[in-house]
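Here is the structure we will look at, set down as structure tokens.
The values are calculated or read from the model by the stated rules, or taken from the named source; none is laboratory data. Predicted model only: the values in this text are computed from it and were never measured. Every residue, glycine as well, gets a Cβ built from its backbone with ideal geometry; the counts of neighbours run over all protein chains shown.
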Amino acid sequence: MTLRWFALACAIAACLLIGLGAGDTWINPFHAGNGLENTILWELRLPRLLTAFAVGGLLALAGAWFQVLLGNPLAEPYVLGVAGSASAGAVTGLMFMPESTWVMSAGAFIGAWVGIVAVLFFSRLGPNRMLLAGVVLAAFWSAVLALLLALLPEQGLFRAFSWMMGDLSHSDLPVTLLLLAWVIALACGLILSGALDKLLLGERHAEALGVDVKRLRLRLLLLASAVTALAVTAAGTIGFVGLVIPHLMRLIFGSLHRAVLPASAIGGGLLLVLADSAARTIIAPAELPVGILTAMIGVPVFLFLLLRRN
Amino acid sequence: MSIVMMLANLTVERGGSTLLSALSCPFHAGEVVVVLGPNGAGKSSLLLAMAGLIPAGGNIDVAGKPLSAYRRSELTRQIAWQGDLPPTEFGLTVKQRLVLAAGEAGSNIEATAAAMDITPLLERPLGELSSGERQRTELAALMLRDTPVWLLDEPTAHLDLKHQIQCIHMLKAQKAHGRAIVTVLHDLQQAMAIADHLILIDGKGAAEYGTATQLFDSERLSQLFNAPVVGQGAVLVPDYGGDDL
């Protein structure tokens, strides 16, 4: 197990180097040649790298929590329709103030919470009802989003699509806030980790082992939703990180959450740092939406895990 | 023998119909109470109600205190419940399952696993076990719970003959150590081997409590199960040869 954590530490170092160095031009972080390179490294790339790390970590944590909360290994942060409602909120913001990233982010945050409250209202915390309500509401939000996109002025469309596929280039949230959220979310997860392990045995067995399941479900739903709302607000909808990383980490570190959660928080961050580095590099100086890259990395990894499990 | 648990006018409902009505009985330390009845009569529901896992009418006292006055975490120090483990998808291993049951004081895991013949399975995910292996794992998890009361829902289900016998021996040993055991069983021979008292549930709301000597009666059991039971005294068996069903 120590070896696995050591490997993860090495991966952190490698991803930091790649995240800082990669881009339009490669800059060696240890030998930044001039003032401009220093500015690019520490004032542009470092904040973006930290944003990507925090957002990826938050998405992976939310994915791990939703999987246990719903008892479903296919669950991910957007399973309850939060991506759709946040997107609808973001596009609504764009309609009113097309130039303001801040208004779009606020719209996404409000939209995410409207989606969460709707799921909570219709599901009453039953896992199956929650999943069903999430699927139906996701379809509803997707229809609302299509309607809003049809009404959106042409100049806002590119911005909307770019955000919907994941976009770290316009994040308005302070990096410190996101990193603080990452730390708090992980700490909360670790506090709940014993109860989460028991919930893996099913609701009744968890209760028989002393877990107040209803309270735990409510806490988990609020925690995972808050984290998802924050990640969506910061970077749009980025898929597959929250689905793939918890599975990968369970495979490497086992099923107990005191290992899975920190490993996911780090692994999710690293995946998004790598994907964002690739997104900034592949067609430089232009950028690809990072969500495309996470899907391209995430889908083969998930299929590999599926085949391995078979 | 001291009373560790007491039911007074217990009523259990499911889906709008009353499974059990006004059941009153004590449970003593060092005693086995076997719950018998046809499928769907409410045997498992009785255990769930006694474990505080489903709501029930009437009163349940545990160690002289109403069950409702316990916090869930406190109740786990009084009552251990064993039931079917639902399918788990997240790769939890047998050893991890036992650690979760044992809690912080989980030092007996290896010895308990050996007692239930699951030592070679310790690193296997629960999802890869056969039904019998899962049942032995659940019995081992129960053995790690040092509570005054054990509630077992068909502990010998899915087990081969050797492990059925092993399970009955284990329950007898626990009884000798002063544990109060309430168990649902379907096998009359097993019930007769360990029961001090019986609870007979007919599925229409009526429940009868009495000593094994009083209630082990071929006519009464035939009526309960709506199936022929023949024999006398300590030897009662289903009549597989007859056509009287």
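Need the failing condition index for B:VAL149 against (1) closer than 18 Å to B:ARG134 by Cβ; (2) modelled with pLDDT of 95 or more, just the number.
(1)
Quick test for you: out of A:LEU3, A:LEU20, pick the one residue that is loosely packed, with under 15 Cβ neighbours inside 10 Å and outside any loop (DSSP other than H, G, I, E, B).
Exactly one of A:LEU3, A:LEU20 is loosely packed, with under 15 Cβ neighbours inside 10 Å and outside any loop (DSSP other than H, G, I, E, B), namely A:LEU3.
Looking only at the stretch B:79-104, count every residue that is more than 9 Å from chain A (Cβ to nearest Cβ) and without any contact (Cβ under 8 Å) to a residue 24 or more places away in the chain and tell me the total.
Result for the stretch B:79-104: 1.
So, in the stretch B:131-146, how many residues would count as being surrounded by fewer than 18 Cβ atoms within 10 Å (Cβ to Cβ) and farther than 27 Å from B:ALA41 by Cα? Give the steps one after another, and end with the answer.
Going residue by residue through the stretch B:131-146, those that are surrounded by fewer than 18 Cβ atoms within 10 Å (Cβ to Cβ) are B:131-132, B:146.
Pick out the ones that are also farther than 27 Å from B:ALA41 by Cα and you get B:146.
Of the residues in that region, 1 qualify.
Output the number of residues of the stretch A:241-262 satisfying the condition of being surrounded by fewer than 24 Cβ atoms within 10 Å (Cβ to Cβ) and farther than 27 Å from A:GLY23 by Cβ.
Going residue by residue through the stretch A:241-262, those that are surrounded by fewer than 24 Cβ atoms within 10 Å (Cβ to Cβ) are A:247-248, A:250-256, A:258-259, A:262.
Among the residues that remain, those that are also farther than 27 Å from A:GLY23 by Cβ are: A:247, A:250-256, A:258-259, A:262.
Total satisfying the criteria: 11.
Please find, among A:THR228, A:THR237, A:THR176, A:THR233, the residue that is hydroxyl-bearing (Ser, Thr, Tyr) and out of contact with any helix residue (DSSP H, G or I) (no Cβ under 8 Å at 6 or more places or on another chain).
A:THR176
From the list B:THR137, B:THR211, pick out the single residue that is farther than 23 Å from A:ALA208 by Cα and of a type in the set (Ser, Thr, Tyr). First the steps, then the outcome.
Working: B:THR137 fails: farther than 23 Å from A:ALA208 by Cα.
Matching residue, one of B:THR137, B:THR211: B:THR211.
Could you list all residues from the stretch B:35-61 that are within 23 Å of A:LEU209 (Cβ to Cβ), in contact (Cβ under 8 Å) with a residue 60 or more places away in the chain and out of contact with any helix residue (DSSP H, G or I) (no Cβ under 7 Å at 6 or more places or on another chain)? Even if it seems obvious, please write down each step before you answer.
Pass one, the stretch B:35-61, residues within 23 Å of A:LEU209 (Cβ to Cβ): B:35, B:43-56, B:60-61.
When the remaining residues are screened for being in contact (Cβ under 8 Å) with a residue 60 or more places away in the chain, the result is B:35, B:43-44, B:46-47, B:50-51.
Hits for the stretch B:35-61 are B:LYS43, B:SER44, B:LEU46, B:LEU47, B:MET50.
Of the residues that make up the stretch B:57-78, is at least one within 14 Å of chain A (Cβ to nearest Cβ), within 25 Å of B:GLN164 (Cβ to Cβ) and charged (D, E, K, R)?
No, that holds for no residue.
Could you list, in sequence order, all residues of the stretch A:157-174 that are more than 26 Å from A:MET296 (Cα to Cα) and touching a Pro at 6+ places or on another chain (Cβ under 7 Å)?
Of everything in the stretch A:157-174, nothing turns out to be more than 26 Å from A:MET296 (Cα to Cα) and touching a Pro at 6+ places or on another chain (Cβ under 7 Å).
Considering each residue of the stretch A:265-300, count those that are of a type in the set (A, V, I, L, M, F, W, C) and not in a helix (DSSP H, G or I), and give that number. If you could, list the steps in order and put the result at the bottom.
Taking the stretch A:265-300 as the starting set, the residues that turn out to be of a type in the set (A, V, I, L, M, F, W, C) are A:265-266, A:270-275, A:278-279, A:282-284, A:286, A:288, A:290, A:292-293, A:295-297, A:299.
Those still in the list that are not in a helix (DSSP H, G or I) too: A:282-284, A:286, A:288.
Of the residues in the stretch A:265-300, 5 are of a type in the set (A, V, I, L, M, F, W, C) and not in a helix (DSSP H, G or I).
For the subset of the stretch A:206-240 comprising residues that are within 14 Å of chain B (Cβ to nearest Cβ) and crowded, with 22+ Cβ neighbours inside 10 Å, which member is farthest from A:ASP172 (Cα to Cα)?
Applying the filter and picking the extreme gives A:ALA208.
Count, please, the residues in the stretch B:92-130 that happen to be among the polar types (S, T, N, Q) and at pLDDT below 90. Before you say what the answer is, go through the steps one by one.
Initial filter on the stretch B:92-130 (among the polar types (S, T, N, Q)): B:93, B:96, B:107-108, B:112, B:119, B:130.
The next check asks that each one be at pLDDT below 90; those that pass are B:107-108.
So the answer is 2.
Go through the stretch B:45-55 and give me each residue that's surrounded by 18 or more Cβ atoms within 10 Å (Cβ to Cβ), hydrophobic (A, V, I, L, M, F, W, C) and within 14 Å of another protein chain (Cβ to nearest Cβ). First the steps, then the outcome.
First, the residues of the stretch B:45-55 that are surrounded by 18 or more Cβ atoms within 10 Å (Cβ to Cβ): B:45-53.
If we keep only those that are hydrophobic (A, V, I, L, M, F, W, C) too, we end up with B:46-51, B:53.
Scanning the stretch B:45-55 gives B:LEU47, B:LEU48, B:ALA49, B:MET50, B:ALA51, B:LEU53.
Pick out the one residue from A:GLY242, A:GLY254, A:GLY269 that is within 24 Å of A:ALA13 (Cα to Cα) and out of contact with any helix residue (DSSP H, G or I) (no Cβ under 6 Å at 6 or more places or on another chain).
Numbers: A:GLY242 fails: out of contact with any helix residue (DSSP H, G or I) (no Cβ under 6 Å at 6 or more places or on another chain); A:GLY269 fails: out of contact with any helix residue (DSSP H, G or I) (no Cβ under 6 Å at 6 or more places or on another chain).
A:GLY254 is the lone residue from the list that is within 24 Å of A:ALA13 (Cα to Cα) and out of contact with any helix residue (DSSP H, G or I) (no Cβ under 6 Å at 6 or more places or on another chain).
Quickly run through the stretch A:65-88 and pick out the residues that are more than 14 Å from every other protein chain (Cβ to nearest Cβ), in contact with a Phe, Trp or Tyr (Cβ under 7 Å, 6 or more places away or on another chain) and of a type in the set (Gly, Ala, Ser). Please lay out each step first, then the result.
In the first step, residues of the stretch A:65-88 are kept if they are more than 14 Å from every other protein chain (Cβ to nearest Cβ); the result is A:76-88.
If we keep only those that are in contact with a Phe, Trp or Tyr (Cβ under 7 Å, 6 or more places away or on another chain) too, we end up with A:76-77, A:79, A:81, A:84-85, A:88.
Within the stretch A:65-88, A:GLY81, A:GLY84, A:SER85, A:ALA88 qualify.
Only one of these conditions is not met by A:GLY267: (1) surrounded by 22 or more Cβ atoms within 10 Å (Cβ to Cβ); (2) touching a Phe, Trp or Tyr at 6+ places or on another chain (Cβ under 6 Å); (3) under 30 Å from A:THR51 (Cβ atoms). Which number is it?
Of everything listed in (1) surrounded by 22 or more Cβ atoms within 10 Å (Cβ to Cβ); (2) touching a Phe, Trp or Tyr at 6+ places or on another chain (Cβ under 6 Å); (3) under 30 Å from A:THR51 (Cβ atoms), A:GLY267 misses just condition (2).
Of the residues B:GLY58, B:GLY30, B:GLY16, B:GLY42, only one is on the phi > 0 side of the Ramachandran plot and crowded, with 17+ Cβ neighbours inside 10 Å; which? Let's see the steps before the verdict.
Values: B:GLY58 fails: crowded, with 17+ Cβ neighbours inside 10 Å; B:GLY30 fails: crowded, with 17+ Cβ neighbours inside 10 Å; B:GLY16 fails: crowded, with 17+ Cβ neighbours inside 10 Å.
Step by step, each of B:GLY58, B:GLY30, B:GLY16, B:GLY42 is checked, and only B:GLY42 is on the phi > 0 side of the Ramachandran plot and crowded, with 17+ Cβ neighbours inside 10 Å.
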